[in-house]
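The values are calculated or read from the model by the stated rules, or taken from the named source; none is laboratory data. A quick note: this is a predicted structure, and the numbers were derived from the prediction, not measured. Positions of Cβ are backbone-derived with ideal geometry, glycine not excepted, and every protein chain shown enters the neighbour counts. Surface areas here come from the heavy atoms of the whole protein model, side chains and all, with no ligands, DNA or RNA. Shrake-Rupley method; radii C 1.70, N 1.55, O 1.52, S 1.80 Å.
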Amino acid sequence: MNPRLAHPWLTALILLGVVGSSLISANPALAQEKVAYRLKWLINASTAGDVFALDQGFFSRQGMEVVVKAGGPERDAIRELELGYAQFGVASADQVIRALAKGAAVVVLAQLFQVNPLQWIYRADDFSLTRIQDLAGRTVGITYGGNDETIMRALLATVGMDDNQVRLASVRYDYTPFFQNQVTIWPVYRNTQGIFLSDKLAAGGERVAFFDPSEHGVRFAANSVVTSTKMMDHHPQTVGRFTRALLAGWQAAMAPSNESAVIRAVAKYDRDTSEAVMRRQLTATRQMIQPDPGIPIGHIDTTAWQQTEQIMIRQGLIPGPVNVIGRLRPQQAP
C-alpha cells in the first residue's frame, strides 16, 4: 500500500509548509529581519527622523525589526559595524575618513544633514564675528580630537592664522566656562544646544549670535548613514529596505503637519526638553535637513565630502587620500 495514500493529510501539511516557506522567502515584509542602528549622539530633535521611522512603523513595513541605539561620546558607530554589534550607524564625514585611513571597510548610504549643525555661539553685545580674522585674540572652545577642532583649524588656515593668534580652550559638556565668560566662543549644535544656550542667556538679558563655518568657505559633511562594505556586498536588499524606510521616516518627520507626533516620539527618550523648546529645535532641524525643497532628504553632497578629505590631508589628520568619493553609495529615496 502506498504510504502517501494512507496519510493524505501528511502530504497536504508538507505542501502547505513548502508553500508557506516560499511565501515568507518571497515577501520580506513577513521576515521581520532584526538589525541594530547606532546613532551618533543622544536622542533629541537631531535624531527626530530616526525615532519617528521606528515609532510610526516605517521599518516594520519593510519587514525589519530595528533596534535604535542612542549614541554618545563613548560610542563609535563605525567600530560597532566592524565588531558586528550594529549593521547600520550614523557618523560624520571626518569620522568616516579617519576610519577609512585606518583600513575600515565602510560605505556611506545617505547624508542626513545638508547643513552642518556645528557652529559657535557667542554674546552678540560683546563683539561681532563677521570675518575669520575677528577670532584673533579671543578664547575659542574646541573639543580636542572632535570635528569642531578640525573645522576651526581649517577656518584659521584659510586666512593664514594659527594657534598663536587665538586662544584655543578645551571644552566638554559643562557650559559653566561659557556662562562665566571664561570661554567666549563656544561650539554647539545650532539646532539643539544652540537653542538651549540662547534661551539661558536671553533670560539674563543677553543676546547671542552664531559663527557658521559654511559662511566662510568651510563645508564639512555632517551626520550620515553608514554600513559596512560586507553588509553592502552580501545583503544589498536589507541595505536598500533599511535606507528607504529610514529616509521615508525622516521625510515624514520633517513635515510640519506631523510635528506633534514627532515631539511625542522624541519625548519618549528626551524627557528634559520642554515641548516649546523642542518645537523650535525641530524648526531649526528642518532647515538643515532639507534647506532646498528641490534636493531630496538623504542627498549626498559630494563636494562637501571632497573638501572634508582635502582639509584633513592638509592638516595631517590622515596620511594621504582615501578616495572617500568611492565610498559614497547613495540609495534610492522612497
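Rounded to the nearest 10 square angstrom, VAL96 shows an accessible area of 0 square angstrom against a 1.4 Å probe. Extending 7 Å from the Cα toward the beta-carbon at both LEU83 and VAL277 defines two label points whose distance is 3.1 nm. Within the shell defined by Cβ-Cβ distances under 10 Å, the residues around VAL67 carry a net charge of +2, with Lys and Arg each +1 and Asp and Glu each -1. Electrostatic bookkeeping for ILE311 treats Lys and Arg as +1 and Asp and Glu as -1; over the other residues with beta carbon under 10 Å from its beta carbon, the sum is +1. Computed over Cα pairs, the Kirkwood radius of segment 179-246 leads via Stokes-Einstein (1.567 mPa s, 4 °C) to a diffusion coefficient of 82 µm² per second.
Which of the lysines could a cross-linker bridge to LYS102, judged by Cα under 20 Å and excluding same-chain residues fewer than eight apart? Candidates past the 8-residue exclusion: LYS40, LYS230.
Taking each DSSP H run with n ≥ 4 as -39500 (n - 2.57) and averaging over every residue of the chain yields -12000 deg cm²/dmol at 222 nm. Taken over the C-alpha atoms, segment 242-298 has Rg and Dmax values of 11.8, 35 angstrom. Spacing of the modelled spin labels on VAL159 and HIS234, each 7 Å from Cα toward Cβ, amounts to 5.1 nm. Roughly how many whole Å is it from the C-alpha centroid of segment 266-321 to that of segment 79-113? Cα centroid of segment 266-321 versus Cα centroid of segment 79-113: 15 Å apart.
Full extension from TYR269 to THR130: what is 0.36 nm times the residue separation minus their Cα-Cα distance, to one decimal in nm? Before the final figure, lay out each step's value.
On the way: separation 139, 0.36 × 139 = 50.04 nm, distance 3.75 nm.
Additional length available on full extension: 46.3 nm.
Using a Gaussian network model of the chain in which every pair of alpha carbons under 10 angstrom is joined by a spring, one finds that among THR273, THR176, THR238 the greatest mean-square fluctuation is at THR176.
Each residue of segment 179-194 was assigned a 3J(HN,Hα) from its phi angle through the Karplus curve 6.51 cos²θ - 1.76 cosθ + 1.60 (θ = phi - 60°); the sequence is 4, 8, 6, 7, 10, 8, 10, 10, x, 9, 8, 4, 8, 10, 4, x Hz, with glycine and proline shown as x. With all protein chains kept in place, the per residue accessible area of the chain amounts to 48 square angstrom at a probe of 1.4 angstrom.
Antiparallel beta bridges, as assigned by DSSP with both residues in the chain, represent about 55 percent of the total such bridges. Across every direction, the projection of the convex hull enclosing the Cα atoms of segment 148-219 has a mean area of 5.3 nm². Counted over segment 114-197, the DSSP beta bridges are approximately 45% antiparallel.
Which is the longest run of the chain containing none of the trypsin sites (Lys or Arg not before Pro) found in DSSP loop states (not H, G, I, E, B) with at most 14 other C-beta atoms within 10 Å?
Values: sites that count: LYS102, ARG131, ARG172, ARG207, LYS268, ARG271.
Between the exposed loop sites, the longest stretch runs 1-101.
Around the Cα centre of the chain, unit charges on the Cβ atoms of Lys, Arg, Asp and Glu (plus for the first two, minus for the last two) sum to a dipole of about 700 debye.
The calculated Kirkwood hydrodynamic radius for the chain is 21.7 Å, given to one decimal from all distinct C-alpha pairs. Take the Cβ atoms of ILE295 and ALA203, set R0 to 30 Å, and the FRET efficiency comes out at 0.25.
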